[in-house]
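As structure tokens, the structure follows; a few thoughts come after it.
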Amino acid sequence: MIHPAPPVVSFVSRKNAGKTTFLEKLIAELRRRGYRVGTVKHDAHGFDIDHEGKDTWRHKQAGAGTVVISSPRKIAMIQDREEEMALDEIVQRFMIDMDVVLTEGYKKENKPKVEIFRHTIHPAPLHTKAQPGSLVALVSDVAVDLGVPRFDIDAAAAVADFLEQRFIKG
């Protein structure tokens, strides 16, 4: 049986605008409300989470295409991929039991987006009012009209209200 995928909302910005910091607060608020929250961090440059000398690293070095480490409370997988896995496939395979999935990044993905904009870091947001695209909200340290709801950079609870009404309970 195929379960309906949870809603996916991408948090995007220019570099160093505070996506991770804001998401930490938002995740905590959504969890406080009882929601199961999944996240996917996009890294366009590649990454390595394994540590040299550890058993899983040694398995990978020996040629294993997929390595899983499992414990009573956590599981992690490192898998070689010929090409990047689509976000929808990641959600369908690994996050189907979540109430909402928040991504950090995925600017080019066709998902609803919340832009984090700090005027003190960048001169202008990624999106414009004339071409908002899939932008559904703006979180900013200054008043900017992009034709979507705008939330203060410290208003994680208000953004949680917005997500709850528009995507989770909607």
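Here are a few things to note about the model shown:
- Long-range HN-HN contacts of Leu126 with modeled amide H, under 5 Å: Arg14
- With θ taken as phi - 60° and the Karplus curve 6.51 cos²θ - 1.76 cosθ + 1.60 applied, the whole-hertz 3J(HN,Hα) list for the stretch 115-128 is 8, 9, 10, 10, 4, 6, 9, 10, x, 8, x, 5, 8, 10 Hz, x standing for glycine and proline.
- Extending 7 Å from Cα along the Cβ direction at Thr21 and again at His122 yields two label points whose distance is 1.5 nm.
- Rg ratio (alpha-carbon, reference 2.2 N^0.38 Å) - the stretch 1-76: 1.47
- Percent of beta bridges antiparallel (DSSP, the chain, rounded to nearest 5): 20 percent
- The relative contact order of the chain comes to 33 percent, based on Cα pairs under 8 Å that sit 6 or more residues apart.
- Modelled FRET efficiency - R0 25 Å, Asp141 with Asp161, Cβ distances, 0.05 increments: 0.80
- Against the rule of thumb 2.2 N^0.38 Å, how large the Cα Rg of the chain comes out: 1.15
Since every read-out is calculated from the coordinates, none of them should be taken as a lab result. Treat the numbers as computed from the prediction; the structure is a model and nothing was measured. Please note: Cβ atoms are built from the backbone with ideal geometry, for glycine as well, and neighbour counts cover all protein chains shown.
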